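As structure tokens, the structure follows; a few thoughts come after it.
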Amino acid sequence: MKRLIVELIPDVEQGGFTARVPDIPAYGEGATEDEAIADLRQALFAYIDEFGVDDAMARLNQPTALRPLDLELEDPIRA
């Protein structure tokens, strides 16, 4: 069993969530985080069925290092 990092993106306008694994082009949507993850699971199985597990695993990239970045962002129109 391979553990995957899942990104959950809330939809602030429509409500609900999108779930994705950043390196695999498969997405899930749902009203709750759990529903989005369940939908993502189905999308991942469909991706693997179409392209194979080796393709999916080859796409996964684990970051070698994570560091915080302090960055001041300006709105160029208002600056």
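Every number in this text was worked out from the coordinates using simple rules, so none of it is lab data. Since we're looking at a predicted model, the values are computed, not measured. Glycine gets a Cβ as well: all are built from the backbone with ideal geometry, and neighbour counts include every protein chain shown.
Worth a mention:
- Our coupling estimate for the range 12-26, obtained by passing each phi through the Karplus curve with A = 6.51, B = -1.76, C = 1.60 and θ = phi - 60°, is 6, 7, 9, x, x, 9, 10, 10, 8, 9, x, 9, 10, x, 9 Hz, Gly and Pro reported as x.
- Computed from Cα atoms, the angle from the helix 33-51 axis to the main principal axis of the chain rounds to 60 degrees.
- Length-normalised contact order for the range 20-60 - Cα pairs under 8 Å, 6+ apart - percent: 35 percent
- With neighbours defined as other Cβ atoms within 10 Å of a residue's Cβ, the residues E72, E33 order from fewest to most as E72, E33.
- Short-range pairs are left out: with C-alpha atoms under 8 Å and at least six residues apart, the relative contact order of the chain is 18 percent.
- Residues D49, D39, D70, ranked from the fewest to the most other C-beta atoms within 10 Å, line up as D70, D49, D39.
- T18 long-range amide H proximity, modeled H, under 5 Å: I9, D11
- Where the Cα pairs of the range 7-59 fall when distances are cut into 5 Å bins, in %: 5, 24, 28, 20, 13, 7, 3, 0
- Positive-pole candidate from A31, L60, L44, dipole of the chain, charges at beta carbon: L60
- When only the Cβ of Lys, Arg, Asp and Glu is charged (+1, +1, -1, -1), the dipole of the range 7-59 relative to its Cα centre reaches about 100 debye.
- Ordered by the count of other Cβ atoms within 10 Å of each Cβ, fewest first, V21, V53 give V53, V21.
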